[in-house]
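Participant: The structure under discussion is supplied below as structure tokens; questions concerning it will follow.
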Amino acid sequence: KIKLHDGFTCIEKGAFRGCDNLSEIYIPVTVTEIKDGAFSGCSSLSSIDIPVSVCRIGSSSFMSCSSLKDVSIPEGLTEISESTFEDCSSLTSIVLPLTIKRICARAFKKCVSLQYIEIPESVIEIDASAFDGCSKLSCVKLPSTLRKIHSEAFKDCISLKRIDIPEAVCEIGPGAFY
């Protein structure tokens, strides 16, 4: 267990990468940025509460956190960066704030326990392979604001039973639902 003191403003690139025994961390409200790969490979980390002060989460920040089940994403974030939660095999659900505009490439790739996601009305793009390999994902609620679904965005989502494509969607990339 780690408690960062008030005064930290940034968790640097790879700061806790590969800390296999890190199961819990307290992030103070003074933190405004979590940089690339900060918690990547922390296989015992089971939940994370990201304070509302955080306005940017870098790519691969929680990649391969295989015990991560619960994540609280604060209002104010505008995108889920590349590979942020890729290969978080225990992640069952996540609530995205209304400020998210874009879900970047591989953001939730291989989150094999993810069963449902509601994408907020603010999202206009879902990038390539964003949900690729989410094999238990059975229900996705797409927003009416969505304009583009990139290639392989929902590839290998073999449990997906139904998805309603909003009228605003003007482009669906190759293999988006393969």
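Participant: Starting from the Cα gyration tensor of the range 21-67, take the square roots of the eigenvalues, sort them a ≥ b ≥ c, and report rounded, prolate or oblate (rounded when a/c is under 1.5, otherwise prolate if a/b is larger than b/c, else oblate).
Facilitator: oblate
Participant: A further question follows. Under 19 Å from a point 7 Å along the Cα-to-Cβ line of HIS5: which residues of the range 29-55 have their amide N that close?
Facilitator: Counting backbone N atoms under 19 Å from the label point, the list is 29-32.
Participant: If you don't mind, there's one more thing I want to ask. Need the C-alpha centroid separation for the range 56-89 versus the range 99-168, integer Å.
Facilitator: The range 56-89 and the range 99-168 have Cα centres spaced 15 Å from each other.
Participant: Let me ask something additional. Quickly rank 78-91, 129-142 as a protection proxy: mean count of other C-beta atoms within 10 Å, highest first.
Facilitator: So the peptides 78-91, 129-142, ranked by packing, come out 78-91, 129-142.
Participant: Mind checking which lysines have their C-alpha under 20 Å from LYS101, skipping anything on the same chain fewer than 8 residues away?
Facilitator: Output for LYS101: LYS35, LYS109, LYS141, LYS148.
Participant: Using modelled backbone amide H atoms (1.01 Å from N, in-plane), which distant-in-sequence or interchain residues come within less than 5 Å of THR32's amide H?
Facilitator: CYS10
Participant: Continuing with this model, one more query. Given axes a ≥ b ≥ c from the Cα gyration tensor, I'd like to know whether the range 76-178 is rounded (a/c under 1.5), prolate (a/b larger than b/c) or oblate.
Facilitator: rounded
Here, each number is a calculation from the coordinates, and none is a lab measurement. What you see is a predicted model, and the numbers here were worked out from it, not measured in a lab. Ideal geometry is used to build each Cβ from the backbone, glycine not excepted, and the neighbour counts take in all protein chains shown.
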